[in-house]
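Beneath this line is the structure, given in structure tokens, with notes to follow.
The values are calculated or read from the model by the stated rules, or taken from the named source; none is laboratory data. This structure is a prediction, so every number in the text was calculated from the model and none was measured. Cβ placement follows ideal geometry from the backbone for every residue including glycine, while neighbour counts extend to all protein chains displayed. For the accessible areas, the whole protein counts, side chains as well, though only heavy atoms, and no ligand, DNA or RNA atoms are used. Shrake-Rupley method; radii C 1.70, N 1.55, O 1.52, S 1.80 Å.
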Amino acid sequence: MDNHQKILAAEEVLRKLEVHLRRAEKPARYTGGELYQAEKDPGQELLRFAFAFPDLYEIGMSNLGLQIIYKVLNDIPDVYCERVFAPGLDFEAIMREEEIPLFTLESKTPLYCMDMLGFTFQYEMSATNMVNMLELGRIPVLSCHRSKEDPFVIIGGPCTYNPEPLADIADLFFIGESEEALPEIMDCLRSWKKEGGSREEFLRNISRIEGVYVPSFYQVEYFPDGRIAKRVRLWEEAPLKIVKRIVEDLDRAPFPQKPLVPFIATVHDRAMVEIFRGCSRGCRFCQAGMIYRPVRERSKETIKALAEAQLEATGYEELSILSLSTGDYSQIQPLVEELMDYCKKADVSMSLPSLRLDSFSFRVMEEIQGYKKSGLTFAPEAGTQRLRNIINKDISQEEIESAALQAFSLGWNSIKLYFMVGLPGETREDLEGIAEIGKRMVELYRQVNGGKAGRLQVSLSASNFVPKPHTPFQWIAQNTQEEFTEKHHYIKDQLKSFKQVRFHYHDSKTSYLEAVFARGDRRLCAVLLEAVRLGCKFDGWGEHFRYDLWMQAFENTGVDPDFYACRNRQDEELLPWSFIDCGVEESFLTRERDKALGGEITKDCREGCQGCGVNKRFSCAAWEREGEAQNEICR
Amino acid sequence: MRYAVKWSKDAMMQYISHLDMMRLFQRALKRAKIPLMYSQGYSPHPKMSIAQPLSLGYTSKGEYLEIETAKDIEPFLLQQSLQQALPKGIGIESCRVLERTKKALGALVDYAAYEIRFPMALPSQWEQVCRAAAAFQKAERVMVQRLQKKSATIQMVDIKPLTEKLSVKEQGQCLEALICTGSRKNLSPQLLLEGLSSFAQEGKWPGEARICRKELYTTLSDGKLLALWRLS
């Protein structure tokens, strides 16, 4: 397809939008044109890339990854990166009726005109939306059906640390952080376009880029009982292991100073600066804590410069600093103080997610929130110290209580606590412990407020534990839905007479499907396609989630979901994601699992290397800080 | 210093709601480094308002933003720096200092001029527009159902006295209307179209209308209308 045909296709979309867009619920989701949108001339020789977010505009536009990738790609002169989101159900119906193909917001070009379409896979339950978007964009859903005229479909994001459930859909995956790899991928695409080779040739070339995984170069064979027997290479030069990519020097990594500023309210509509990547705490349930290792900080000066540049360029009224655990930033105190100074002068408010519960945090919160006290949030994750040791969540009862006491004496009236149910090694006492913490909050509030607790609101929120790949719990069976439900009721019963305490829990059916896809293999592709055919989409949205249709899809395809969610794996089993190397070694994961079951904690790796192995592949500041002698354990 | 800023909204921006426009201007003023005065009290908010909300899906050449700045700025410079801070699709038409006008612009609005186009209409439908407009002019009353938002009940209203002027342009491809707008009496162009279409032959009324607000007016003590941009 030449440029002229692409321009005509876009004009056709535009003509239809002029008539039909006004029928959409929120037309501004589809118009583009926001401040700092990239503008390039589609008449020129460009590599056309669509960044696809498989959820609504309001969700996708809150994603920092989108802003980073948008900048990285559009900074390349001959690359035009545009955006596309999942259309709302109302507008999808109009698009189907009026035969409007899914299009990019910037130039209204149909997706089938792109050279490459890049999905971000942030959440297991967004897979149906990807399939639906491909269909709406008139791109064959299965990679084996795509021809030379079709775009390449690349999928990245945290969920691709187990890419296998989408193996038949993606032409290629990218595992890890893409800032440095994207220009390499574009170079490869450019030369391939010039030389006019086959799709196969492109995929061979691109598989040489570190972090790229081309699933069609491999075949998976299974034992009769359903476990994976082996992975066979169909092309002998295909890499055996796919090593994730990271950006070693965050200070020099590209970061948006002029992010797109949406017209309509989005979930997080504010300036955002990422202060570090990775996390040194080693919570055993947490996938992010494993796959984003090692910890890499952005310098305080760079953070300040980026924050100021963003605020100046956008006029945002709020600044948020992002990381997995804000309080662990090495210079958090001076950073927050200096940012606060600037924000006060610039009349900007600040939000600091995931601070530690120490006196400094309270001082900061007092200052940034003034008299408007929003809710206070803690995540003990488990109800007793014993279980917190098992999951290696380093927070003690005393810390929770002293923080709550401080908060109540400073005038807070509402407190939220997050827990998980279904963790390995969990007993009745742990469930009771969740309720106990809720009750204890009421007691402490009474202590501070002269016996009264009328204004107090305690919210206990329990999510259902979903075992994730690349964590010490990756071998462990998830609780059944019946077990989850029984546990929810058990906790609820304990709290009957406490009207200040509200107990919320997640839907077990959604958690079950999350677990299936989190640790699924290639056989789930067929289920996914069948689910879409039956009408599943927006599965992450409670009101749209159709468990019955999903079960129908499993039945129609003869795949047993319990095999993925509710089964304990042996150490010898070849796991679907075993070829993905995130730097953390499997021996570390088994060691951590065994320590967990023995109730033994592992220290934060800033206090000494714990030997996860990531330093063998990447330079790890925590490891380098120590002397060689102390690091014997790592070898 | 108080200013009346007249601005326009083109087709690109027609789907940005009133509330979203407020936030857009607040951010644009911040980008342009135009400091606003803040109200006193428990939760101070910047002194900035849009004179008359515009419905989603309408374009406009006559919108008004009223702001009170913390420092005096040449109106011309304010216009220029604000324009530079705005995304494509929002144009600053003029900017004047408000000294004699004490009331809020929003409280002064009595009328709005609209241009209503029928881009998909066939010549036979243009004819219907002409006929309906003529019948409308002759009619003593034009009763239309209006949904009362507060009580959620449907009322019959006579829209004839709310329509100051109505004229047909381009053989019926376009209508120009001057209708009551604001907090005292209000008629939406949509309701006007409903009233008009009742005079057309069944099924012959052109469906799709493109509505553009041209100007907002206030009534002077002598009964004459004055476009808001002329206020000082």
Using θ = phi - 60° and the Karplus form 6.51 cos²θ - 1.76 cosθ + 1.60, what ³J(HN,Hα) does each residue of segment B:119-125 get, whole Hz, x for Gly and Pro? x, 9, 6, 8, x, 5, 7
XL table B:Lys33/B:Lys214; A:Lys71/A:Lys148; A:Lys304/B:Lys30; B:Lys102/B:Lys224; A:Lys241/A:Lys509; Cα-Cα > 22 Å flagged, in table order, is B:Lys33/B:Lys214; A:Lys71/A:Lys148; A:Lys241/A:Lys509
Suppose R0 equals 51 Å. What FRET efficiency, 1/(1 + (r/R0)^6) with r the Cβ-Cβ distance, do A:Glu12 and B:Tyr38 give to the nearest 0.05? 0.55
Heads up, segment B:15-94 by the C-alpha gyration tensor (a ≥ b ≥ c square roots of eigenvalues; a/c under 1.5 rounded, else a/b over b/c prolate, else oblate) looks oblate
Nearest 10, in degrees from 0 to 90: the angle of helix A:127-136 to the longest Cα principal axis of chain A is 30 degrees
222 nm mean residue ellipticity, helices alone, for chain A (DSSP H n ≥ 4; -39,500 (n - 2.57); rounded to 500): -11000 deg cm²/dmol
Once all protein chains are kept in place, A:Thr602 shows an accessible area at probe 1.4 Å, nearest 10 Å², of 10 Å²
Helix A:359-369 sits at what angle to the longest principal axis of chain A, using alpha carbons and giving 0 to 90 degrees rounded to 10? 60 degrees
With label points set 7 Å from each Cα along the Cα-to-Cβ direction at B:Ser151 and B:Ala135, the distance between them in nm comes to 3.0 nm
With both bridge residues required to lie in segment A:3-217, what share of the DSSP beta bridges run antiparallel, to the nearest 5%? 15 percent
In segment A:223-270, which residues become less accessible by 50 Å² or more once every protein chain is in place, relative to the chain on its own, using a 1.4 Å probe? A:Phe263
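State whether segment B:111-230 is rounded, prolate or oblate according to the following rule on the C-alpha gyration tensor (a ≥ b ≥ c being the square roots of its eigenvalues): a/c under 1.5 gives rounded; otherwise a/b larger than b/c gives prolate, and the remaining case gives oblate.
Oblate shape, in that a/c is at least 1.5 and b/c is the bigger or equal ratio.
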Could you sort the peptides A:506-513, A:491-498 by per-residue average Cβ neighbour count (10 Å cutoff), highest mean leading? A:506-513, A:491-498
Any chance you could check the Cα centroid distance between segment B:171-232 and segment B:131-149 for me, in angstrom? 12 Å
For segment B:80-114 and segment B:5-48, what is the centre-to-centre distance using only Cα atoms, to the nearest Å? 11 Å
Where the centre of each part is set by its Cα atoms, how far does segment A:459-492 sit from segment A:28-57, in angstrom? 40 Å
Could you give the nm distance between label points at A:Phe360 and A:His145, where each point is 7 Å from its Cα heading toward the beta carbon? 5.6 nm
Hey, if you put +1 on the Cβ of every Lys and Arg and -1 on every Asp and Glu Cβ in chain B, which of B:Ser55, B:Ser81, B:Leu228 ends up farthest toward the positive end of that dipole? B:Ser81
What angle, in degrees between 0 and 90 and rounded to the nearest 10, separates the Cα long axis of helix A:547-557 from the longest principal axis of the Cα atoms of chain A? 50 degrees
